[in-house]
Amino acid sequence: MIDAEKTLDNIIEKIQIIDADDIPSIDLYMDQVTTFMDSHLGNNKRFEDDKVLTKTMINNYAKNDLLPAPKKKRYTKDHVIMLTYIYYMKNFLSINDIKTLLKPISERYFDGNNKVSMEEIYKTLSNSEEEMTDFIKSDIIREINKSKEMFLDNPKKDTDYLQLFALVTGLTYDIYVKKQMIESIVDQINKYEEKTSKDKKKE
């Protein structure tokens, strides 16, 4: 049967995160952006044929105001950072929710619009990822150990499956609660941004 702890170790070992220093400082054409993203996030794909990023995706993100338009068909380091955020968020958030989260980032920090740069924000968040990975791993191992204590009175074949099912349902509930938390925060940000926008129009 499946070894959940070994599966977890394999996932953590292969998972890729883009280091801010690896993002080219020179502007890139679209083909170069998709190649860069695929080379740095390709290990995260579930299936070999999955695409990390395509031209169509980039065009759709720009069309839906998730991503600022390129300059003369070239994408900056800030564009790549924005695309990285979108890559992770699109797995569990709607386009509108991502737009709500990233619009203030884009307006306030993109392309040197603030004393705090996009790169500084990205580096600050990236630096905490190792600690976050350790925390997440410990949390999942607790779930694995808890599931191993369940259904012990059943035949082994049933026990193995039911324990894995218990692990999946436990992880699912964890994701559900966190998704609810994220969506609630997004809704609050949306209300705040709408109020701020109305207040500015009154001035």
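The values are calculated or read from the model by the stated rules, or taken from the named source; none is laboratory data. Here the structure is a predicted model, which means the values were calculated and not measured. Heads up, the Cβs are rebuilt from the backbone with ideal geometry, glycines too, and the neighbour counts pull from every protein chain shown. We work out accessible area using only protein heavy atoms, side chains counted, and drop any ligands, DNA or RNA first. Shrake-Rupley method; radii C 1.70, N 1.55, O 1.52, S 1.80 Å.
Descriptive notes on the structure:
- Residue among M37, M118, M132 with the largest mean-square fluctuation in a Gaussian network model of the chain, springs linking Cα atoms under 10 Å: M132
- Where trypsin sites (Lys or Arg not before Pro) fall in DSSP loop in segment 1-62, at most 16 other Cβ within 10 Å: K45, R46, K51
- Gain in span if fully extended, F165 to K45, counting 0.36 nm per residue against the direct Cα distance: 40.9 nm
- Anchor K148: lysines whose Cα lies under 17 Å away (excluding residues fewer than 8 positions away in-chain): K6, K137, K156, K157
- Semi-axis lengths (Å, descending) of the ellipsoid that matches the C-alpha gyration tensor of segment 89-147: 31, 17, 6
- Furthest towards positive pole of dipole, Y161, N10, Y29, structure part the chain, Cβ charges: Y29
- Accessible surface for segment 56-203, divided over its residues, is 69 Å² per residue with a 1.4 Å probe.
- Principal axis dimensions, largest first and in whole angstrom, of the chain by Cα: 68, 41, 30
- Just the protein heavy atoms count here, and of the accessible area of segment 1-145 at 1.4 Å, carbon and sulfur take up 50 percent.
- Electrostatic dipole magnitude of segment 104-203 [Cβ: Lys, Arg +1; Asp, Glu -1; Cα centre; debye, to 20]: 340 debye
- Debye intensity ratio I(q)/I(0), log10, segment 10-84, q values 0.13, 0.20 Å⁻¹ (C-alpha model): -0.39, -0.87
- One decimal place: the segment N96-S128 gains 8.8 nm when fully extended, by the rule 0.36 nm per residue minus the C-alpha distance.
- Spacing of the modelled spin labels on T56 and D21, each 7 Å from Cα toward Cβ, amounts to 3.8 nm.
- Among 76-83, 158-165, sorting by the average number of other beta carbon atoms lying within 10 angstrom of each residue, highest first, gives 76-83, 158-165.
- Using the average count of surrounding beta-carbon atoms within 10 Å as a protection proxy, the listed peptides 175-188, 141-154 rank, highest first, as 141-154, 175-188.
- Whole-Å distance, taken between Cα centres, linking segment 1-69 and segment 134-203: 23 Å
- Stretching the chain fully between D174 and D38 yields a gain of 46.1 nm (0.36 nm per residue, less the alpha carbon separation).
- Top of Y61, Y192, Y85 by mean-square fluctuation, Gaussian network on the chain, Cα under 10 Å: Y192
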